Structures are given as structure tokens and as C-alpha cells.
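> Below you will find the structure I want to go over with you.
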Amino acid sequence: LYFSYAEGTRPGLFNTGLAGLSDTELAQVLPQNNGTGVSVGEEELESMEVGFKSYFLDGRGYLAVALYKMKIENLHTSTFALSYTDDDGAAQNITGSFVSDGASVDMGGVEVEGSVLLNENWSLGFTYAQNNSEFGNDFFSSQAFDLLGDATLAAGKPFSRSPVNSGSLSLDYKRNMNANWDLFARGDVIYTGKMY
């Protein structure tokens, strides 16, 4: 049985590409970058996990189960292009990697992994994961802003390309043929649930 608790930070940084803008120019850029200007605050993570690992069937089987919960505050996200009208009235576009902060993400779930030696030749392995994630209402999506003009479209949604349910089942066969050769075969079934 185990329990772990951790807190961590990603250091703050600077959007140096915004450092030379006047107050008027910067005021036009801020709504495109979640209100983040030259200075970007620290990203903070709080994480808890509880679980167990055990052998069974006289050591022929193994099972590991973990439950976790994480919270990220002041999440760093990237914006790649910002536009403004400079103090001389000319339209300007600046590109690069501009970081915004202030968003939050909640994550949690359960992960199971195990295997069973069925006999001297056959073994069965399995995994299952239920991983939940949700961007907070303060999440700023620069991609949604650029494409659709609404930076809040990802709020309340899970991570993209991160299914809630996934798992696998594998069957292994192994047999010694002679002093120099082993015969083996393996079949896998992998399940990946719907993804946003």
C-alpha cells in the first residue's frame, strides 16, 4: 500500500516579445493573451495518489491499482500570433511563442495493471485506465480564439486526445524449442475511448 502527496511549480517567465510595446499597444494585446503581459507567474501543481501493488496465486499473478487527483493552477498556455495597431496607426502582427497564465485544470482517475501466468507457456496481461480531466472556466484557448474568435470554447472540456476510458488485453505464448531457440507469440487488443 502507498500514498503520495506532492506540490510543484513551473517557474514564471517573461514574454520578452512584448517588452517594447507602449501601454496603448500592450492594452490591445492583453485580451488576445488571457490578460498576461510581459511577466508570467508560476504554474502550480498539487497531486495526491493512493494505491497498492500485490502478487497473488502464489506469485503467478500481479495487480497494481492507483487512484490519483491533481490540480493545476495558473496553467501556462501558448499563443503564437498577436496583433495590434501601433502608436503611429499602422497594423502590426508579432509572432513567436507568447505564454499566458491564469487558467486551471482538474484531473483524476484510476489506473489498473496486472498479469497472470496461466501455465508454463501462457500468460495474460491487462490494463485499464479511467482518466478524467477538465479545464476550468478560466481556461484560455488561443487556438479557439484564432480560429473562431472565442477563447473560452475549451472551458469545461477534457484534454484533447485524452480518452476517459482506455485499456488493453494481451496473451503471450512462450516455449523452449532447444538450447538455442525459443518460440514465442503475442496477441494484443487495445481499446481507446472517445476523445475530444
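The values are calculated or read from the model by the stated rules, or taken from the named source; none is laboratory data. All of these numbers come straight from a predicted model, not from anything done at the bench. Positions of Cβ are backbone-derived with ideal geometry, glycine not excepted, and every protein chain shown enters the neighbour counts. The accessibility values were calculated without ligands, DNA or RNA, using every heavy atom of the protein model including side chains. Shrake-Rupley method; radii C 1.70, N 1.55, O 1.52, S 1.80 Å.
> What's the ranking of 77-86, 185-194 by average number of surrounding C-beta atoms within 10 Å, highest first?
Values: 77-86: 16.3, 185-194: 10.3.
So the order, starting with the most tightly packed, is 77-86, 185-194.
> Something else now. Of all GluC sites (Glu not before Pro) in segment 87-153, which ones are in loop regions per DSSP and have a Cβ with at most 12 other Cβ atoms within 10 Å? Don't skip to the end; give the middle numbers.
Values: sites: Glu111, Glu113, Glu120, Glu134; in loops: Glu120.
Listed in order of number, the matching sites are Glu120.
> Further question on the same structure: Place a point 7 Å from the Cα of Asp146 along the Cα-to-Cβ direction; which residues of segment 1-40 have their backbone N under 16 Å from it?
32-34
> Using the C-alpha atoms of segment 136-196, what convex hull volume per residue, in cubic angstrom, is computed?
134
> Which one, Thr79, Val105, Leu124, projects farthest toward the positive side of the charge dipole computed for segment 62-126 from Cβ point charges (K/R +1, D/E -1)?
Leu124
> Subtracting the Cα-Cα distance from 0.36 nm times the residue separation, let me have the gained length for Glu42 to Leu1 in nm, one decimal.
Using 0.36 nm per residue and subtracting the Cα-Cα distance, I get 11.5 nm.
> Shifting gears a bit: Quick one: dipole size for segment 56-152, taken about the Cα centre, charges +1 on Lys/Arg Cβ and -1 on Asp/Glu Cβ, in debye to the nearest 20.
On the way: 3 positive and 14 negative charges, 110 e Å.
Value, rounded to 20: 540 debye.
> Could you list which residues have their amide H under 5 Å from that of Asp138, counting only those 5 or more apart in sequence or on another chain, with H placed in the peptide plane?
Placed amide hydrogens put Ser104 under 5 Å from Asp138.
> To continue, here is another question. Could you work out how far the C-alpha centroid of segment 89-147 sits from that of segment 1-52, in angstrom?
Using only Cα atoms, the two centres lie 17 Å from each other.
> Given a 1.4 angstrom probe, what's the average accessible area per residue across the chain, in square angstrom? It would help to have the intermediate numbers written out before the result.
Working: 12270 Å² over 196 residues.
For the chain, the solvent-accessible area averages 63 Å² per residue.
> Please go through segment 60-142 and write out the trypsin sites (Lys or Arg not before Pro) that DSSP classes as loop and that have at most 16 other C-beta atoms within 10 Å.
Arg60
> Which whole-number percent of Cα pairs in the chain have a distance greater than 20 Å?
Looking at the chain, the distances longer than 20 Å represent 69 percent of pairs.
> Please state, to two decimals, what the Cα-based radius of gyration of segment 84-196 comes to when divided by 2.2 N^0.38 Å (N = residues).
The reported ratio for this selection is 1.85.
> For Ser160 and Gln92, calculate 0.36 nm times their separation in residues minus their Cα-Cα distance, and state this gained length in nm to one decimal.
Numbers: separation 68, 0.36 × 68 = 24.48 nm, distance 3.14 nm.
So the chain would gain 21.3 nm between Ser160 and Gln92.
> Hey, any idea what % of the chain's accessible area is carbon plus sulfur with a 1.4 Å probe?
56
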